[in-house]
Amino acid sequence: MEHMSKSLKKLQSRPDFKDRYNDLRKQVLNDPDVQAFITNHSADIESGMIDRSIGKLFEFTNQSKNCKKCPSLSQCKNLLQGYHPRLKIVGRMIDVQYDKCPTKETHDERKKHESLIKSMYIPKDILEAQFHNIDVDVEETSRLKAISIAQDFVEEYNNGKRPKGLYLYGSFGIGKTYILGAIANELASHRVSSMLVYVPEFMRELKGSFQDSSLDEKLDAVKKIPVLMLDDIGAESVSSWMRDEILGTILQYRMLENLPTFFSSNFDLKQLQHHLAVSQRGEEEPVKAARILERIKHMSIPIELIGKNRRG
């Protein structure tokens with residue numbers, strides 16, 4: 001859009017300036033939004049104010065208000081993309097102030113929402129999960145129970161409580177991760193930051209973090225996030241280092257700080273304990289595995305999800 005001051009300069013240089021000016025003035029004063037402003041501020045608009053401000057009024061009339069002429073933020077027609085004009089009186093002039101438009105407010109809110117959900121190796125569709133989109137058959141009572149407890153968790157957390165998370169377990173493809181994503185989205189709508197972590201890939205990344213010295217930074221991020229979701233725990237290869245120095249450290253910190261933690265797994269708790277007890281080298285350390293399980297039990301409510309495979 002050409003700046004309004006340039007348009008007026010071109011207009012003034014024409015021989016028929018007066019006629020053109022009168023046409024422009026008539027056009028401006030016929031604008032419903034300008035008329036409404038003049039009516040609402042009739043007591044404050046003094047003689048000559050409109051003529052002194054005709055350039056600003058013309059600028060105002062040629063732009064979209066409340067996104068009426070803009071199909072999207074990227075196609076915004078206004079001088080300042082994402083901002084729409086509002087008239088106001090400044091001294092002896094009518095001026096134009098630019099406020100954030102509804103489309104930009106929605107866009108910024110969505111970006112802020114997305115920034116609240118951090119993730120590691122989680123598919124994009126999971127990050128867009130919503131409770132109302134979860135497919136539930138009538139006979140799938142365990143899914144209904146899990147969703148109900150998850151919704152209660154969000155409500156209680158928003159009321160200042162620190163309820164237990166969930167330990168969701170069951171076979172492949174029944175929606176465990178999707179439920180975690182829905183919880184994360186619901187928390188984000190209430191300005192609560194969370195993190196979803198796909199455990200096997202996270203453990204692999206940490207092994208490689210020795211080279212760039214980023215291990216402590218990554219570990220701290222997971223330890224201290226307000227709400228943590230560890231997805232597919234038990235699918236990782238077990239080593240004493242991974243179990244004791246990484247998983248044990250994360251869970252110990254979060255348990256002491258009363259930071260809610262969620263889990264998903266193909267294993268029930270007993271199977272997970274057996275998995276954690278035997279390392280890649282074949283070493284059996286049942287006591288150390290039992291310590292991990294005690295922390296998980298302390299921090300979460302186990303729920304077995306039973307239902308059809310929704311991936312196939």
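The values are calculated or read from the model by the stated rules, or taken from the named source; none is laboratory data. Predicted model only: the values in this text are computed from it and were never measured. Virtual Cβ from ideal backbone geometry, glycine too; neighbours counted across all protein chains shown. These accessible areas exclude ligands, DNA and RNA; they are computed on the full protein's heavy atoms, side chains included. Shrake-Rupley method; radii C 1.70, N 1.55, O 1.52, S 1.80 Å.
Only a single criterion out of (1) modelled with pLDDT under 90; (2) in contact with a Lys or Arg (Cβ under 6 Å, 6 or more places away or on another chain); (3) open to solvent by less than 40 Å² (accessible area, probe 1.4 Å) is not satisfied by Val136, namely (3).
Of the residues making up region 158-175, those that are surrounded by 20 or more Cβ atoms within 10 Å (Cβ to Cβ) and either in a helix (DSSP H, G or I) or at pLDDT 95 or above (or both) are Gly165, Leu166, Tyr167, Leu168, Tyr169.
Within region 242-266, the set of residues being out of contact with any Asp or Glu (no Cβ under 8 Å at 6 or more places or on another chain), of a type in the set (A, V, I, L, M) and open to solvent by less than 10 Å² (accessible area, probe 1.4 Å) comprises Ile246, Leu247, Ile250, Leu251. Can you confirm whether Leu215 is free of Cβ contacts under 8 Å to residues at least 40 places away in the same chain, loosely packed, with under 14 Cβ neighbours inside 10 Å and aliphatic (A, V, I, L, M)? Spelling it out, it is not the case that Leu215 is free of Cβ contacts under 8 Å to residues at least 40 places away in the same chain, loosely packed, with under 14 Cβ neighbours inside 10 Å and aliphatic (A, V, I, L, M). Applying the criterion of being farther than 18 Å from Met299 by Cα and touching a strand residue (DSSP E or B) at 6+ places or on another chain (Cβ under 7 Å) to the residues of region 267-279, the residue that is surrounded by the most Cβ atoms within 10 Å (Cβ to Cβ) is Ala277.
Residue pairs whose Cβ atoms lie under 9 Å apart, separated by 6 or more positions or on different chains, with the first residue in region 77-95 and modelled with pLDDT of 90 or more and the second part of a strand (DSSP E or B) and among the polar types (S, T, N, Q), are Pro85/Gln97; Arg86/Gln97; Leu87/Gln97; Lys88/Gln97; Val90/Gln97.
Can you go through Thr103, Thr39 and tell me which one is touching a Gly at 6+ places or on another chain (Cβ under 8 Å), open to solvent by 40 Å² or more (accessible area, probe 1.4 Å) and either part of a helix (DSSP H, G or I) or closer than 30 Å to Leu305 by Cα (or both)?
Unique residue meeting the criteria: Thr103.
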